[in-house]
Structure formats: structure tokens, C-alpha cells
1. When you scan the stretch A:227-262, how many residues do you find that are closer than 16 Å to B:G233 by Cα, more than 9 Å from chain B (Cβ to nearest Cβ) and not in a strand (DSSP E or B)?
2. So which of B:V216, B:V206, B:V257, B:V249 ends up being at pLDDT below 95 and either more than 7 Å from every other protein chain (Cβ to nearest Cβ) or over 30 Å from B:G79 (Cα atoms) (or both)?
3. Please list, ordered by residue number, the strands (runs of 3 or more DSSP E) wholly in the stretch B:22-71 having 2 or more residues that are under 24 Å from A:E134 (Cα atoms) and among the β-branched types (V, I, T).
4. Go through the stretch A:7-121 and tell me which helices (runs of 4 or more DSSP H), entirely inside it, have 1 or more residues that are open to solvent by 20 Å² or more (accessible area, probe 1.4 Å), farther than 20 Å from A:S246 by Cα and without any contact (Cβ under 8 Å) to a residue 40 or more places away in the chain.
5. Quick check on the stretch B:60-92: of everything there that is under 30 Å from A:T103 (Cβ atoms) and open to solvent by 60 Å² or more (accessible area, probe 1.4 Å), which residue is modelled with the highest pLDDT?
6. How many residues, within the stretch B:28-51, are surrounded by fewer than 21 Cβ atoms within 10 Å (Cβ to Cβ) and of a type in the set (V, I, T)?
7. When B:L179 is evaluated against the numbered criteria (1) open to solvent by less than 70 Å² (accessible area, probe 1.4 Å); (2) out of contact with any Ser or Thr (no Cβ under 6 Å at 6 or more places or on another chain), which criterion, by number, is the only one it fails?
8. Report yes if some residue within the stretch A:154-166 is within 12 Å of chain B (Cβ to nearest Cβ) and either part of a loop (DSSP other than H, G, I, E, B) or at pLDDT 95 or above (or both); otherwise report no.
Amino acid sequence: MSYALVVAEVRRGVFEERNLDSFGLSSLLGKEIVLVVPDGPYSFNERLADTIVKVKAGEEVFLNPLNLVDIIEQVMNGRGKPDCIVFTHSSSGMESAPYVAGTFGLPVVTDVSAINKDEGVFYKSYYSDKIFGEFKCTGQGPWVLTVRSGSFKDAAAEKADAAKVEYIEGVAASDKRVFLEYVEEEKTEIDITKAEFLLSVGRGVGNKDEIPTYEELAGMLKATLSGSRPVIDKMWLPKPRQVGTSGKTVKPKVYLAMGISGAFQHIAGMKDSDCIIAINKDAGAPIFQYAHFGVIADMHKVRDKLKDMLKS
Amino acid sequence: MNIVTFTKRVPVTQEEELRITGDGAAVDLSKLPFKVNDWDNYAVEEAVRIVEKVGGSVTAVAMGDAESDEVLRRAIAMGAKDGFLVRIARAIQDPFARAALISNFIKNENVPFDVIFTGVQSEDDQFGSVGGILAALLKLPYSSMVIGIDKVESDHMVIRRELEGGLQERVRISLPCILSIQSGINEPRYVSIMGIRKASKVERKVFQGNAYEAGVGAMIDTVKWVYPPRKKGAMMLSGELDEVCKNLVGILKEKGVYQ
Ligand SMILES: Cc1cc2nc3c(=O)[nH]c(=O)nc-3n(C[C@H](O)[C@H](O)[C@H](O)COP(=O)(O)OP(=O)(O)OC[C@H]3O[C@@H](n4cnc5c(N)ncnc54)[C@H](O)[C@@H]3O)c2cc1C
Ligand SMILES: Cc1cc2nc3c(=O)[nH]c(=O)nc-3n(C[C@H](O)[C@H](O)[C@H](O)COP(=O)(O)OP(=O)(O)OC[C@H]3O[C@@H](n4cnc5c(N)ncnc54)[C@H](O)[C@@H]3O)c2cc1C
């Protein structure tokens, strides 16, 4: 049987929206869809799958790569191998897909964001979206894929019939890697998700000493200062100010990005802003693809000029 | 505690225009500067910190051409005891083949370890796959996106994984294991030119990659390199800086975020 095995991403009771991209890719490939998901009160459109395999295990057991290989083995038992095993390109899919590929000896392509079905090729990003690689799987399938969020969700199609539901009764849970607890981010006084106007700086800011000058500019503009991941990694701004998949998702009226290249993990956190303005000295920076307005310039010069203008 | 940490030399592309040559056959990297993969820098630092606390040694491993020696010297300057270079004639595209070669290398050379670190991903090809495949091939427990190591014992560690939206999960993992390290886990120490010069005096071992090719077939094939599809894109504000900034403020006023 020719089918796509979609491995659901669920976190704290929520069926992540990113899963739609896994359904979308599988639909585009014209595959029957078998969804595997922990058995729980997750709310999602069950019509998107032909078969739903519910695993009687908690999500912490399910999302552990060491256990997932046993689950996938059980799904394949009796059903045969799928044509592809599809994960979200996220903290869970990025972790499990390579481990599953390594365990079963399967080809893996991560961060797939486009396909050409007729030619049987996948596209993935290189160099933060400056180049795409076109891939073919030469080995025997199934292919293990992780899918970039937002890439295929519109292609997710409802099936004519209600999904068949099956159960996996138990999982051989590993004692070598065990979930202990979730740890939440500390609450802070400034909530960048509430700001109407964000001035966001990236690695292009250069060094820590420049940060106060942008704080000053943000003050003059009555904007809130936020940043991309490298700025937070270097501790130039506190973690709650990070925009992106592993930080905050923001939708301000204006998002002014200075010295940010536009990696998808960043874009995913700000693309729904009403108005995106990007300032970058590299005309080829991918962020210009997502921005409404762009300026090719040295951010420091723009900062100085803006400050001069606002003072007078 | 013996920690093996992988470190890769990558091109600096953030401010460069990348050109595809030979009708999609290659990307011209010839004029680019190179540096250590950002994620690996955090991994080396974390390994060195653990060993400084509990004892043991750090071995840095790079796979690549002779130039990759540069990232080994850097790792030694940061505190690694050994640097191993696995020489390969041409980069290996398929993360599976790459991990299989590393797995053979570790087994054949009996490289001792309690933990293996990789970075979460390479900056250039962003596969993020070597650690996970390697763990499966070596039959070891694995965790990726490690953003904190809370406890190091002789038979296990307690770590924190980074999830989405600022959430983390705390996990207990048995040793030996493989962890992929997320950027921001620590503040990597500064490496001076002097430090690197001193590190050059420490011998780095070179291994010939073709000795580890048994069963290392590629399963994916790059057909070609292409430029990403273009979207509508931004409306570019051009002209003198003065005029550009006036336009910018104009937009802010129009959007109602600045009076
Ligand atoms: C699991 C995972 C989760 C992640 N989560 C996030 C996240 O939540 N948020 C996030 O942002 N990233 C995240 N990342 C990282 C992401 O992949 C990128 O590495 C990051 O977004 C790059 O940040 P940047 O654009 O600031 O830096 P770079 O990509 O280094 O870009 C710097 C830009 O500044 C420009 N520049 C340099 N100097 C100047 C100047 N003087 N004037 C103008 N422009 C200049 C350059 O041309 C370049 O475009 C995550 C990665 C992983 C693997
Ligand atoms: C335009 C272009 C042309 C290329 N041409 C070729 C080509 O002709 N042939 C070819 O085979 N490949 C080619 N490559 C790809 C190149 O092989 C990869 O960038 C690299 O080896 C990727 O590693 P990875 O994605 O598996 O790493 P990831 O899985 O993303 O990396 C995770 C971690 O694994 C470790 N790691 C990965 N690789 C190494 C290494 N070499 N040394 C030490 N540690 C490592 C690091 O710790 C890293 O942080 C090309 C890439 C591009 C973009």
C-alpha cells in the first residue's frame, strides 16, 4: 500500500498547527495518509487523514525519539512500509526524524519547503534561504522528511470518508531517556507580544555596546526593542525579547527589522505583522522577500540619521 | 568524563551574494571567508566547561579538507586536549553518509567517550541531522536542542531541551549518549590569536576518511542548486539617506505608530 506516515506533533494537549504542513505535503504527493498520534483529547480535523493510529501513551513518551522508533515499527507491522515518514521541522521533528532514519537505514531530507512531484524532487534551504538544494532520494524509501511550517498547509485536503481509527496498545518505553518536567520561561514586565511597534535588531548590530543606542532610538520612536536569536544568545538582550519560533510570535502594527537576515525561524515569529520594514546592507538578504518596505543601508547610519531627524 | 565534540568549518555567507555555477552544479564559495560553525562553538565551550568542573578530557573532531585544521586549533585554544581531523576529499552531501562515516571512525579507532556533542545544525546546509543519525547507528540515547545541562553524574545527565515559544523540557539521559547543543547555552570564551598560535603547537591527529567508507552509501542525491523562488518582495526605499529616513518616518506616521 502506498501511504504517507504523518507523525503528529503535540505539546501540552495541543495538536500543533504546523501538522497541517505535513498533511499538505502528503496530499500533494498523492498519498493515502496514516496519522500517528498519542491517544488523548487533541482537537484537530480528523478528516485530513485516511487512518488515525492512536497510541496509548502520553505525549512525553510519544515525542521521545527512542520510543518513537518502536511506535513506527508497530505502525508498519502488518501495513508494510510507507513511502514517506513526515515530521514537522520543529524541536520534536528535527530531533526524531534523523534518529528514525538512522535506526531504519532510511534517506532523510530536513526542512523541505517545496516539491516537484512530477520529477520526484524536494527542495530544501541552504545558507539561510540564499540557495535551495534540489534533492532526489536514490536509496530505497521510505524517505524521512521534515517539513517547514507554512510551506504546504494550504494543500491539506479533507478526505471524502471519515478516518478509520486504530490503536496501538502499548509502547516499549526506554529508560535511557526519560521526560522529567516542562520548564516555563520566567515572566517579565515587558511583553513584546503586546507592543504595537517593535524595533528589532539582529546580529548585524555588531556588538553589545551598540545596544543602548538602539534602546535610545526605540525610546525616541516610542517603540519596544526586541531581537533575533543571536542577539539573545549573546545575552545582549534578555530572552523574553526574542522574536521567532523559539522565542515569541509577534504581530505588531509595525515591525522594523535592522540587521536581521530573515531565517525562517525568525520569519515564522513576525510574518503576520501588519507592516514589516527591513533595513539590511545585503541586497540579497531573504528578509526583503517578506518585508513590505526595504532599505539597503548600514543600520548604524540609518540609526544616526533617524536620531538627528527626531531630535530636531 | 571524556567528551568528543564535533566542529565544522563553514563559509560566512550572511552578507554575500552567492552564485550558482555550472548550470546548478555548484555554488561558488571560492571567495568567501570561513569560520567555525556557530553552534559548534557553543558545543566546544560546553564540553570544556564540564571537563573543567568534573575532570576528563575533550576531543574535538572535524571532518573535511586540510583547512578544517583551523577549527581544531580553535577548539584546542578553548581547552580541548586533542584535535582529530578526518580528511575527506570532497564534502559529503548526504547527512546519512556523513554520520555513517563518523560512526565507522569512532568504532574503528576506539575513540573513548562518555558523551558526544554536535551542534544543532550546520549554518551552511542546516540539515541538523548528523547527531541523530549517529546516535541511532551507535545505538545510544539522543537528545537535540540542548539549552542547559543541570547535572552531570557518572552514569547520567539531567539536561534541558529547548522547545518552541520559550518552553523547555527537562530530561534525564543515560550515559554514554549523544547531545546536539543549541546556541545560547553558554557564553563561549574569547579566543585570542595568541591562544590559537599556542594551540598550533599541540599535535592534531589526521585520519584518512576513505578508511571508514564501509557501508557509507549516499541515499540522497543533489540534483542541482537553484535560487529560491522570488516572492513579490519589499518596496525598496532608495535615494539619499536623508530622503530614505524621511520616508521611513512617513510610513511610521501613516501606520499610526508615531506622531
Ligand atoms: C531550533 C532553532 C530555533 C531557532 N529559533 C530562532 C528564533 O526564535 N528567532 C530567531 O531569530 N532565530 C532563531 N533561530 C536561528 C536562525 O536560524 C538564524 O540563525 C537567526 O535568525 C539569524 O539571526 P540574524 O538574522 O540576526 O543573523 P544573521 O543571519 O547573521 O544576519 C545578520 C544580518 O545583518 C546584516 N548586517 C550586518 N551588518 C549590518 C549593518 N551594519 N547594517 C545593516 N545590516 C547589517 C547582514 O547582511 C545579515 O543579513 C533558530 C535556529 C534553530 C536551529
Ligand atoms: C553549495 C553547496 C555545495 C556543496 N557541495 C557539496 C559537494 O559537492 N559534495 C558534498 O558531499 N557536499 C557538499 N555540500 C554540503 C556539505 O557537505 C555540508 O554542508 C556539510 O557537510 C553538512 O553537514 P550536516 O548538515 O550534516 O550537518 P548538520 O547535521 O546540520 O550538523 C550538525 C552538527 O554535526 C557536526 N558536523 C557536521 N558535519 C561536520 C563536519 N564535516 N565536521 C565536523 N563536524 C560536523 C557539527 O557538530 C554540526 O554542528 C555542499 C553544500 C553546499 C551548500
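The values are calculated or read from the model by the stated rules, or taken from the named source; none is laboratory data. Note that the structure is predicted; figures quoted are calculated from it, not measured. Every residue, glycine as well, gets a Cβ built from its backbone with ideal geometry; the counts of neighbours run over all protein chains shown. Side chains included, ligands, DNA and RNA excluded: accessible areas come from the protein's heavy atoms. Shrake-Rupley method; radii C 1.70, N 1.55, O 1.52, S 1.80 Å.
1. Here is the first cut: in the stretch A:227-262, the ones closer than 16 Å to B:G233 by Cα are A:255-257, A:260-262.
Checking the rest, the ones that are also more than 9 Å from chain B (Cβ to nearest Cβ) come to A:255, A:257, A:260, A:262.
From the residues that got through so far, the ones that are not in a strand (DSSP E or B) too are A:260, A:262.
So the count comes out to 2.
2. Working: B:V206 fails: at pLDDT below 95; B:V257 fails: at pLDDT below 95; B:V249 fails: at pLDDT below 95.
The unique qualifying residue is B:V216.
3. On the way: elements: B:26-28, B:34-36, B:57-64.
Fully inside the stretch B:22-71 and qualifying: nothing.
4. Working: elements: A:19-28, A:59-62, A:65-76, A:93-104.
Where helices (runs of 4 or more DSSP H) fall fully within the stretch A:7-121 and carry at least 1 residues being open to solvent by 20 Å² or more (accessible area, probe 1.4 Å), farther than 20 Å from A:S246 by Cα and without any contact (Cβ under 8 Å) to a residue 40 or more places away in the chain, they are A:65-76, A:93-104.
5. B:R87
6. 2
7. (2) is the only condition that B:L179 fails.
8. From the stretch A:154-166, those within 12 Å of chain B (Cβ to nearest Cβ) are none; that's our starting set.
For the stretch A:154-166, residues within 12 Å of chain B (Cβ to nearest Cβ) and either part of a loop (DSSP other than H, G, I, E, B) or at pLDDT 95 or above (or both): absent.
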